[in-house]
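Just below is one structure, and these are the notes that go with it.
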Amino acid sequence: MKIVDSGARSNLPFSPGIIAGDFMYVSGQASVDPTTGAIISGSFEEEMRRSIDNLRAILEAGGLSLDHVISVKSYVADQADLALYNKIYPEYFGQPTPTRSTIVGVLGTMLKFELDCVAYVPTTRQNATKIG
């Protein structure tokens with residue numbers, strides 16, 4: 001097992017990423033400064049893009065990319081932002097897309113967006129065998 005402790009930092013007590021066997025688990029990433037872990041508020045789009053950039057930085061620190069991501073959990077504070085979320089998401093997660101769960105209304109007032117993921121270390125989604 002390997003602890004990925006670079007790419008983006010947090011002031012909270014968790015590891016940014018852990019590689020266990022063939023999988024990398026990345027903790028929830030929000031709109032924070034990747035060096036200090038301080039929250040950076042902004043529009044929904046700004047927060048979403050910063051969160052994904054932090055997630056990507058942790059994956060890259062583990063030798064992976066967004067293309068290795070096989071499952072995403074996203075947290076959207078305001079249901080009104082879902083259309084924009086679904087518009088931006090494919091810019092980062094191309095075909096074939098990872099599995100995804102989206103939970104709305106759980107972030108309180110500090111954040112507009114957060115996401116975590118599971119990545120498959122040996123290969124990318126584009127190299128997966130399609131069934132059906």
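Between amide H atoms placed 1.01 Å from N, distances below 5 Å from F23 occur with V121, all of them 5 or more places distant or on a separate chain. Using 1/(1 + (r/R0)^6) with R0 = 22 angstrom and r between the beta carbons of Y25 and E60, what's the FRET efficiency to the nearest 0.05? For Y25 and E60, the calculated efficiency is 0.90.
What the phi angles of the stretch 10-23 give under the Karplus curve with 6.51, -1.76 and 1.60, with θ = phi - 60°, is a coupling list of 9, 7, 9, x, 8, 7, x, x, 9, 9, 10, x, 8, 10 Hz, glycine and proline written as x.
Put the Cα centre of the stretch 1-40 next to the Cα centre of the stretch 62-132 and the gap is 16 Å. Shape class for the chain: oblate, because the ratio a/c of the largest to smallest gyration tensor axis (alpha-carbon atoms, square roots of eigenvalues) is 1.5 or more and b/c is at least a/b. Placing +1 on the Cβ of every Lys and Arg and -1 on the Cβ of every Asp and Glu, with no other charges, gives the stretch 24-132 a dipole of roughly 380 debye about its Cα centre.
Taking +1 at the Cβ of each Lys and Arg and -1 at the Cβ of each Asp and Glu, which of T97, G108, V76 sits farthest along the dipole of the chain towards its positive end, judged by Cα position relative to the Cα centre? Looking along the dipole axis, the top candidate is T97.
Extension gain for I3-D53 works out to 16.1 nm (0.36 nm per residue, less the C-alpha to C-alpha distance).
For the stretch 44-132, GluC sites (Glu not before Pro) meeting the loop criterion (DSSP other than H, G, I, E, B) and having at most 15 other Cβ atoms within 10 Å: none.
Every read-out reported here was derived from the displayed coordinates using simple, explicitly stated rules and does not represent laboratory data. Note that this is a predicted model, so its numbers are computed, not measured. Every residue, glycine among them, receives a Cβ derived from its backbone with ideal geometry; neighbour counts consider all protein chains shown.
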